[in-house]
Amino acid sequence: VQLQASGGGLEQAGGSLRLSCAASGLTFSNYNMGWFRQAPGKEREFVAAITWSGDSTDYTDSVKGRFAIPRDNAKNTLYLQMNSLSPDDTAVYYCAAHLGSVFSKVSSKYPYWGQGTLVTVSS
């Protein structure tokens with residue numbers, strides 16, 4: 001199983017970025033997917049998740065209304081659309097996958113992880 005995250009970079013506050021997570025080695029459409037992030041000196045935290053079918057999503061409070069987590073099962077790709085970025089969003093962002101009837105917000109429930117992509121937001 002391989003999850004390849006990309007799309008990070010340097011962006012100004014108020015700007016937008018779209019992260020991608022390309023999956024291989026698994027039946028992507030069977031897996032719930034999540035994005036987590038880890039800021040310098042902090043623990044990894046839940047950002048967003050989506051069910052295997054795409055019919056349900058959830059977000060941490062700090063990104064609600066700014067981020068979206070669409071997926072394209074035909075392309076085996078997960079996305080994280082990030083709008084109205086703030087310096088507090090600066091972190092390494094990881095995509096992750098797990099099986100189940102519903103998605104989890106707990107990182108330990110995810111057996112498969114991407115390598116992370118760095119997002120830096122300047123003020």
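The values are calculated or read from the model by the stated rules, or taken from the named source; none is laboratory data. Owing to the predicted nature of the structure, the values given are computational and were not obtained by experimental measurement. Virtual Cβ from ideal backbone geometry, glycine too; neighbours counted across all protein chains shown. Protein only, heavy atoms only, side chains kept; ligands, DNA and RNA dropped before computing areas. Shrake-Rupley method; radii C 1.70, N 1.55, O 1.52, S 1.80 Å.
Going by the conditions given, is Ala74 open to solvent by 20 Å² or more (accessible area, probe 1.4 Å), touching a helix residue (DSSP H, G or I) at 6+ places or on another chain (Cβ under 9 Å), over 26 Å from Glu11 (Cβ atoms) and at pLDDT 95 or above?
Answer is yes for this residue.
What about Thr90, is it in contact with a strand residue (DSSP E or B) (Cβ under 9 Å, 6 or more places away or on another chain), open to solvent by 40 Å² or more (accessible area, probe 1.4 Å) and either under 17 Å from Leu19 (Cα atoms) or among the charged types (D, E, K, R) (or both)? Write out each step before concluding.
Values: in contact with a strand residue (DSSP E or B) (Cβ under 9 Å, 6 or more places away or on another chain): yes; open to solvent by 40 Å² or more (accessible area, probe 1.4 Å): no; either under 17 Å from Leu19 (Cα atoms) or among the charged types (D, E, K, R) (or both): yes.
Criteria not met by Thr90.
Filter the stretch 8-66 down to residues that are part of a loop (DSSP other than H, G, I, E, B) and among the charged types (D, E, K, R) and give me whichever is most open to solvent (accessible area, probe 1.4 Å). Please lay out each step first, then the result.
Keep residues of the stretch 8-66 that are part of a loop (DSSP other than H, G, I, E, B), which gives 8, 13-16, 25-27, 31, 39-44, 51-56, 60, 64-66.
Remaining after also requiring among the charged types (D, E, K, R): 42-44, 55, 64, 66.
On the way: Lys42: 138, Glu43: 159, Arg44: 92, Asp55: 123, Lys64: 107, Arg66: 47 Å².
Selected residue: Glu43.
Among the residues of the stretch 100-116, which ones are surrounded by fewer than 14 Cβ atoms within 10 Å (Cβ to Cβ) and either part of a loop (DSSP other than H, G, I, E, B) or touching an Asp or Glu at 6+ places or on another chain (Cβ under 7 Å) (or both)?
Across the stretch 100-116, the qualifying residues are Gly100, Ser101, Val102, Val106, Pro111, Gln115.
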